[in-house]
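S.K.: Okay, here's the structure, questions in a sec.
The values are calculated or read from the model by the stated rules, or taken from the named source; none is laboratory data. Everything numeric in this text was worked out from a predicted model, so none of it was measured. Cβ coordinates were reconstructed from backbone atoms using ideal geometry, including for glycine residues, and neighbour counts include every protein chain displayed.
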Amino acid sequence: MAPSKMSIPPPNIVNSEFKEPLLCGPGPCNMWPSVREALTKPVVSPLCDQFFSALDDIRAGIKYVFQTKSNLVLAISGSGHSGMETLITNLVGPKETLLIATRGIWDERAYNVANRYGIKTIIYRVPYNTTFTLEELEKQVELYRPTAMFITHGDSSTGTVQKLEGLGDICHKYGTLLLVDTVVSLGGVPFFMDAWGVDAVYTSTQKALSGPAGISPVAFSARAEQKIKNRKYETPFYFDINLLAQQWNCYGNTRSYHHTMSPPLIWALRECLRQLSIETLEKSWERHAKSTRHFHERLQRLPLDFLVPNPEHRLATVSTLVLPNGYNYNEVVKYIREKHNIIIFPGLGPTAGKSLRIGIMGVNSNSAVADALADALADALQALVKSSL
Ligand SMILES: *Cc1c(COP(=O)(O)O)cnc(C)c1O
């Protein structure tokens, strides 16, 4: 092309060094060293044996971490939201009804996604610092008999964990499918897809799995699979589970090309799942409970309150904390980032301006990180009080 046509000069992209922060927000989390290494493995052909064998390993790992015997398990190319959009668009058609149990921001996202596809949405809301009783959920399901119900297991915007045991049976009594977000809970707190009667579930890699964002494991029950096979509506091409199942060999050795998956992310997800399989889920749940218990014990010496009053509703991976009067949430977050190189987050959605959100999960779930966080908070509370008086 003639130089005269060049109206945009090349930008001067300068490399700069920075120290890796300790990522203790509600996600992303730091990565396991072995996952970091896995990201540098060779890019291979998406049609070669090594690649399909990695997909097989991932499917076996996904069955383990979701605790499901279902064969319709795979991972969507995209962050947690891609899993959400896949579940909703594959299982609920236009004019069908989605009941959304709402207590935080992820339920609001599900509402936005569903509305874009002409799905009828029903919101059932409880205060953000609590969770749902199964009785109240049953009332809603009985009343509306929706095609599906969406609920978040661990909510990183509020720091709550929802009891799900028994909910699948309730939904199935009324012909409703149960859709669950486990993005910030999987690996950190117990989850049993089959035993709890969950029909579809998604998670993401950058939270308690301690991997990079960009790939979202999903699983569907036999009931959900029937719905997908018999549906009369179209889904987005990129999220079409019927096509993706052919690429992921869910029904035999089909190996059909749908889109180019990212080999680094495939290697990374495979390593996250390998890591968790070696540690075992039980040990990982125990480790998360223990680190967070230790963190909460350390907090007793500080003038901080829990946003979630009932300890049974508190999520082990993300703690939500209320500052004493006179402190500004954004200033505390900024101080801890600048002075300690630790990332924590302020509130989001319903908890904006009301809470700190502190994640202790994955590779960071240990007492050393819990101590570093408690020390940083103590320092911030002391340093900042003068400026706000
Ligand atoms: C982080 C998070 C999401 C969103 O995931 P992305 O990877 O940012 O798309 C969804 N649900 C929950 C519970 C989360 O914590």
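S.K.: Looking at the stretch 100-111, I want the residues that are on the phi > 0 side of the Ramachandran plot and have a partner that is assigned to a helix (DSSP H, G or I) with Cβ atoms under 6 Å, at least 6 apart or on another chain. Which pairs are those?
M.R.: Every condition considered, no pair remains.
S.K.: Look at GLY353 and say whether it is of a type outside the set (Val, Ile, Thr), modelled with pLDDT under 95, in contact with an Asp or Glu (Cβ under 8 Å, 6 or more places away or on another chain) and outside the structural domain of THR89 (by TED's automatic domain parsing).
M.R.: no
S.K.: Tell me which residues, restricted to the stretch 163-181, are touching a residue at least 40 places away in the same chain (Cβ under 8 Å) and under 17 Å from the mean Cα position of the chain (by Cα).
M.R.: Answer for the stretch 163-181, where residues must be touching a residue at least 40 places away in the same chain (Cβ under 8 Å) and under 17 Å from the mean Cα position of the chain (by Cα): LEU179, ASP181.
The rows are residues; the columns are (1) aromatic (Phe, Trp, Tyr); (2) on the phi < 0 side of the Ramachandran plot; (3) surrounded by 11 or more Cβ atoms within 10 Å (Cβ to Cβ); (4) touching a residue at least 24 places away in the same chain (Cβ under 8 Å).
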site: THR254; (1), (2), (3), (4): no, yes, yes, no
site: PRO264; (1), (2), (3), (4): no, yes, yes, yes
site: THR280; (1), (2), (3), (4): no, no, yes, no
site: ARG293; (1), (2), (3), (4): no, yes, yes, no
site: ARG298; (1), (2), (3), (4): no, yes, yes, yes
site: PRO311; (1), (2), (3), (4): no, yes, no, no
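S.K.: Is there a residue in the stretch 210-226 that is within 21 Å of ASN90 (Cα to Cα) and surrounded by fewer than 16 Cβ atoms within 10 Å (Cβ to Cβ)?
M.R.: yes
S.K.: Look at LYS207 and say whether it is among the basic types (Lys, Arg) and not in a loop (DSSP other than H, G, I, E, B).
M.R.: So LYS207 fails the test.
Listed here are the residues, each with its yes/no results for (1) touching a residue at least 24 places away in the same chain (Cβ under 8 Å); (2) touching a strand residue (DSSP E or B) at 6+ places or on another chain (Cβ under 7 Å).
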| residue | (1), (2) |
| --- | --- |
| THR320 | yes, yes |
| GLY326 | yes, no |
| VAL333 | no, yes |
| PRO346 | no, yes |
| ARG357 | yes, yes |
| GLY362 | yes, yes |
| SER365 | yes, no |
| ALA368 | no, no |
| LEU373 | yes, yes |
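S.K.: Moving on to the next point. Against the definition (buried (at least 16 other Cβ atoms within 10 Å of the Cβ), closer than 21 Å to SER367 by Cα and at pLDDT 95 or above), how does ARG274 come out, yes or no?
M.R.: The answer is no for ARG274.
S.K.: Might you let me know whether the stretch 207-218 holds any residue that is within 11 Å of the ligand (Cβ to nearest atom) and closer than 19 Å to THR351 by Cβ?
M.R.: Yes, some residue in the stretch 207-218 is within 11 Å of the ligand (Cβ to nearest atom) and closer than 19 Å to THR351 by Cβ.
S.K.: Output yes when any residue across the stretch 44-58 is under 23 Å from VAL189 (Cβ atoms) and assigned by TED's automatic domain parsing to the domain that holds MET149, and no when none is.
M.R.: Yes, that holds for at least one residue.
S.K.: Any residue at all in the stretch 156-169 that's closer than 17 Å to ALA224 by Cβ, more than 16 Å from the ligand (Cβ to nearest atom), surrounded by 20 or more Cβ atoms within 10 Å (Cβ to Cβ) and not assigned by TED's automatic domain parsing to the domain that holds VAL363?
M.R.: The answer is yes, given that some residue of the stretch 156-169 is closer than 17 Å to ALA224 by Cβ, more than 16 Å from the ligand (Cβ to nearest atom), surrounded by 20 or more Cβ atoms within 10 Å (Cβ to Cβ) and not assigned by TED's automatic domain parsing to the domain that holds VAL363.
S.K.: Also, I was wondering about something else. Suppose we filter the stretch 67-84 for residues that are under 16 Å from the mean Cα position of the chain (by Cα), surrounded by 24 or more Cβ atoms within 10 Å (Cβ to Cβ) and of a type outside the set (Gly, Ala, Ser); how many remain?
M.R.: 2
S.K.: How many of the residues making up the stretch 227-248 are of a type in the set (S, T, N, Q) and under 24 Å from GLY211 (Cα atoms)?
M.R.: 1
S.K.: With the requirement that a residue be within 16 Å of the ligand (Cβ to nearest atom) and among the β-branched types (Val, Ile, Thr), what does the stretch 96-117 give you?
M.R.: ILE100, THR102, ILE105, VAL113
S.K.: Find the residue count for the stretch 70-87, including only residues that are part of a loop (DSSP other than H, G, I, E, B), in contact with a helix residue (DSSP H, G or I) (Cβ under 9 Å, 6 or more places away or on another chain) and within 13 Å of the ligand (Cβ to nearest atom).
M.R.: 1
S.K.: Can you say whether GLY197 is more than 30 Å from ASN364 (Cα to Cα), free of Cβ contacts under 8 Å to residues at least 40 places away in the same chain and assigned to a loop (DSSP other than H, G, I, E, B), as far as the supplied structure shows?
M.R.: yes
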